[in-house]
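The values are calculated or read from the model by the stated rules, or taken from the named source; none is laboratory data. Source: prediction; values computed, not measured. Neighbour counts are summed over all protein chains in view; Cβ atoms, including those assigned to glycine, are modelled from backbone coordinates with ideal geometry. Quick note on the areas: whole protein, heavy atoms, side chains included, nothing else; ligands and nucleic acids left out. Shrake-Rupley method; radii C 1.70, N 1.55, O 1.52, S 1.80 Å.
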Amino acid sequence: MHIGHLLGSGRTADVYALDESWVLRRYRDGADATAELAVMSYLSASGFPVPRIGPPSDPPLPTDLVMQRLTGPTMAEALLAGTLTEAEGGELLARLLRDLHAIPPRLSQDPEDRILHLDLHPENVMLTPQGAVVIDWSTAGEGPPALDRAMSSLILAQVSLDPSFTAGERVRGMLATMLARLAGDGGVPSGALARATARRAADPRLTARESAVLDEAAELVAALAG
């Protein structure tokens with residue numbers, strides 16, 4: 001397998017071009033992508049918009065995941081470019097969470113549990129010509145949907161409170177719209193918000209700036225969620 005140029009880097013992985021159809025995502029810390037592959041395959045079979053899974057890397061490595069090469073901006077890029085409004089973004093995030101939580105769990109025997117992304121925010125949604133596609137399932141799990149709604153809300157609130165981010169008000173508008181649309185699904189109850197806040201606080205990948213605004217972000221979500 002010929003690995004092409006680097007397309008992008010996240011907090012834990014790098015993405016390389018393979019050809020016009022496929023990319024290789026490789027974890028830098030040696031993390032195993034097997035569970036992520038299983039979740040994405042399950043969601044794809046259930047009709048949820050995730051990248052198509054490609055053939056195994058050669059040689060096959062547990063850190064590698066070959067996926068469909070997507071074209072189009074992320075939601076974050078579209079928001080900053082002005083091609084996506086905060087209202088449209090909030091509506092889209094709410095719909096994606098609702099559609100995801102309509103899918104039964106893959107492993108859990110609890111009928112109330114669902115597949116959770118646990119990191120669904122504008123940088124993890126690609127706006128392709130065929131529609132929105134959700135990427136980066138490395139944190140996915142199963143559990144109560146309210147936790148997923150709380151995690152997405154908390155992440156948006158943290159971004160909106162970052163003084164170095166010029167579009168903070170627009171992100172706050174996106175958050176408000178998303179919470180309004182999710183109110184009928186149970187919204188973000190206080191217990192789920194507390195659990196999400198504790199989970200974020202324990203994340204070693206959080207930057208100092210993100211950690212500094214975490215409590216304020218939780219207060220913002222609670223206020224907007226009503």
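Number of residues in the stretch 109-123 that are touching a helix residue (DSSP H, G or I) at 6+ places or on another chain (Cβ under 8 Å) and either open to solvent by 70 Å² or more (accessible area, probe 1.4 Å) or outside any loop (DSSP other than H, G, I, E, B) (or both): the value is 5. Just one of the listed residues (Gly4, Gly90) is open to solvent by less than 60 Å² (accessible area, probe 1.4 Å) and modelled with pLDDT under 95, namely Gly4.
If we keep just the residues of the stretch 1-50 that are of a type in the set (Lys, Arg) and in contact with a strand residue (DSSP E or B) (Cβ under 6 Å, 6 or more places away or on another chain), which is farthest from Arg95 (Cα to Cα)? Filtering first and then ranking leaves Arg26. Restricting the stretch 96-108 to residues that are outside any loop (DSSP other than H, G, I, E, B) and in contact with a helix residue (DSSP H, G or I) (Cβ under 8 Å, 6 or more places away or on another chain) leaves a set whose member that is most open to solvent (accessible area, probe 1.4 Å) is Arg98. Looking at Val39, Val23, just one residue is open to solvent by less than 60 Å² (accessible area, probe 1.4 Å), assigned to a helix (DSSP H, G or I) and out of contact with any Ser or Thr (no Cβ under 9 Å at 6 or more places or on another chain), and that residue is Val39. Filtered by the rule that a residue be more than 18 Å from the chain's Cα centre (by Cα) and of a type in the set (Asp, Glu), the stretch 1-52 gives Asp19, Glu20, Asp29, Asp32.
Take the residues in the stretch 201-224 that are charged (D, E, K, R) and closer than 20 Å to Ala176 by Cα, then tell me which one is least open to solvent (accessible area, probe 1.4 Å). Filtering first and then ranking leaves Glu210. When restricted to residues that are surrounded by 15 or more Cβ atoms within 10 Å (Cβ to Cβ) and either without any contact (Cβ under 8 Å) to a residue 40 or more places away in the chain or of a type outside the set (Val, Ile, Thr) (or both), the stretch 49-67 contains 11.
A residue that is assigned to a loop (DSSP other than H, G, I, E, B), aliphatic (A, V, I, L, M) and more than 17 Å from the chain's Cα centre (by Cα) can be found somewhere in the stretch 73-85. Taken together, the residues in the stretch 142-169 that are farther than 16 Å from Ala223 by Cβ and either out of contact with any helix residue (DSSP H, G or I) (no Cβ under 8 Å at 6 or more places or on another chain) or crowded, with 20+ Cβ neighbours inside 10 Å (or both) amount to 12.
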